Amino acid sequence: MTASAAATFATRLVRTFADLGVEHAVLSPGSRSQALALALAELEQQGRMMLHVRIDERDAAFTALGIARESGRPALVVTTSGTAAANLLPAVVEASHSGVPMIVLTADRPAALRGTGSNQTTWQPGLFGRFVRAERDVPAPLPDAIPDEQELAAFAAAAAVGAPRGSIGSPGLQAGPVHLNLQFVEPLSGALADDAPQPQGKAATAPGAIAEPRASAALQLERGPRTVVIAGADAGEAANEFALHAGWPLIAEVSSGARFGPNLVAAYRELLGHPEFGGRVERAVVFGHPTLSRQVPALLARDDVTVVVVRGPGEPVLPRADTVVADAVTADPEDRSDRAARAWTGQWVFASRELLEQAGADDDVAAPLVERGAAGDYEGQRAFARAELAALRAPITRRALALAVWRASWPHDRLVLGASRLIRELDAVAPGKRMRVHANRGLAGIDGTVSTAIGIALASQSAVRPAVDGARSGAGVSGRERAGTTRVLLGDLTLLHDVGGLLLGAGEVRPRIQLIVGNDGGGTIFDSLEVAATAGPAAFDRVLFTPQQTDLAALAAAYGWEHRRVTGRGDLDSALASPPAGPSVLEVPLER
Ligand SMILES: Cc1ncc(C[n+]2csc(CCOP(=O)(O)OP(=O)(O)O)c2C)c(N)n1
Ligand SMILES: [Mg+2]
């Protein structure tokens, strides 16, 4: 085997990423990228990297997005040149907006071939535009000139996690995708060249060097104004802790990761619209990215409300020019003797609980009220059995489905919420529960949901696999708790958009993931828009609702996923409580 500078560089580069603490790589096959692919396969063999192979680059990138969402560490995404690289854009854009780290390695032909009509060659530098935090176009490794992998990897890793402000790039750099465009020339793979020149750059930092960005000084908020804390997508537990510490009501969306605790106001939509509640708010402190209601943006737009936005991983919301943006906030702890302040928060919390109970009661099928009937009272016993059966067989509404999924999920599980109606339905009624919830709310696309969720399942359920000799790599996630089931609540079109994500090739890890599909035959979210009333019904259905009658059982079977269809609440609860050990689809027909 001839020595290959490509192989030498690729091997050094992926090893350096492993040393820096990168644990997962997702690759799609291709010729130009073969040196990277083979180097990753070897690292996987050594137990130093978890490798996932996806035929579709769009899914590879969403899988990497899911892995990083869950683990907080960037995964590598590796593709060949041409349209392969272009397929990464949706996940890169989502990662950019939600502040999820990702390291994209696109293989390329030499720069001199751009614009010459050369096969599979395009302008890959700049492909991701403003959506990457940093980018390098790296010339092909040659026997006497191997790019400095240490410098490159350290640069990419630092930019992906949002290096400390001021240290690299522009101030306020946030975590997100980074693009290394790696040119390669023949021989595209081969033996490692032992005598190849060593990089002159500074050595890569120690193992596990991917660091948390440093937090800067917190903004102190004075007490006094009637304040609410708003936790949008990915706000995280910090929002909850802050609300609790300051003693302020917490309006936490269902994808915030902060929807729990004594200050939670789950039924915030009704209350924000009420003059005695929303009408009296003087200040809002916003964590994360609120996207699920009309009421929160309306509050933040009001000029009698001061808006303080706390920077999180994602793009900060800037509803108004006078928004105060802070890296962190503090406030004096709640003063339990301040009756006015306690009344303010208590009023929200109690009203919310009342409203939520009503909403739940509206939907609960009357539990059998009939007495069980004494021994020998056959009529009474029969009535009881009939009532109980009716409850179990009661048809499943959207609300019942959303609540059932919420109730079935526990802190060791993961819950992923697709865009569209069901996440909103859940947001309207879910009571507090401390658990990890993920949703791609950076841009709220219906694309890539299956793949993102698989990434989340892979990262939460995995540890670095033992090396061939059984030894474990130090870079493993063994210190972290392994998760239970990843449940995904999504609509039928959202599933069908990412059918390709169902494809887990032979030998790929098959995580414990349950896709719970509310199948209403199309995009019913559009039914609630004004256009549903103004457009002609046939045209509306054709171009917005977009009906589908896909046989989901056959689809699941084709991809080797278990499938079950449930129509009654009893079956729904049991299917959710005991999901299969591998990937499965739980189909729940819903009325339009
Ligand atoms: C990539 C992308 N394309 C289009 C949209 C617009 N869109 C939002 S919801 C939706 C329909 C979703 O249908 P389904 O998943 O069945 O959910 P339902 O509304 O029926 O609950 C579409 C097309 C989007 N958000 N993202
Ligand atoms: Mg639908």
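The numbers here are math on the coordinates, done by the rules we state, and not lab data. As the structure is a prediction and not an experimental result, all values here were calculated from the model. Ideal geometry is used to build each Cβ from the backbone, glycine not excepted, and the neighbour counts take in all protein chains shown.
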Rounded to whole Å, sorted largest first: equivalent-ellipsoid semi-axes of the chain, Cα gyration tensor:
44, 31, 22
Along the positive direction of the dipole of the chain (beta-carbon charges: Lys, Arg +1; Asp, Glu -1; about the Cα centre), which of Gly501, Leu250, Leu590 reaches farthest?
Leu250
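Loop sites only, by DSSP: take the GluC sites (Glu not before Pro) in the chain that have at most 15 other C-beta atoms within 10 Å and name the longest stretch containing none of them.
That would be 1-221.
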Multiply the residue separation of Arg386 and Asp137 by 0.36 nm, subtract the distance between their alpha-carbon atoms, and state the gained length in nm to one decimal.
82.6 nm
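Under the rule of -39500 (n - 2.57) per DSSP H run of 4 or more residues, summed and divided by the residues of the chain, what mean residue ellipticity at 222 nm is obtained, to the nearest 500 deg cm²/dmol?
Value at 222 nm, helices only, nearest 500: -10000 deg cm²/dmol.
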Describe numerically, in nm with one decimal, the distance between label points set 7 Å from Cα along Cα→Cβ at Leu89 and at Asp303.
4.0 nm
Along the positive direction of the dipole of the chain (beta-carbon charges: Lys, Arg +1; Asp, Glu -1; about the Cα centre), which of Val317, Gly360, Thr550 reaches farthest?
Gly360
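If you stretched the chain out fully between Ala535 and Ala506, how much longer would it get, using 0.36 nm times the residue separation minus the C-alpha to C-alpha distance?
5.7 nm
Suppose R0 equals 25 Å; then what is the FRET efficiency for Arg320 and Gln220 from their Cβ-Cβ distance, rounded to the nearest 0.05?
Efficiency at R0 = 25 Å is approximately 0.70.
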Starting from the Cα of Gln358, step 7 Å along the direction of its Cβ; do the same at Met1; then give the gap between the two resulting points in nm.
7.1 nm
Summed side-chain charge close to Thr79 - residues other than Thr79 whose Cβ falls under 12 Å, Lys, Arg +1, Asp, Glu -1
-1
Residues Arg382, Arg487, Arg399, sorted so that the one with the fewest Cβ neighbours within 10 Å comes first:
Arg382, Arg399, Arg487
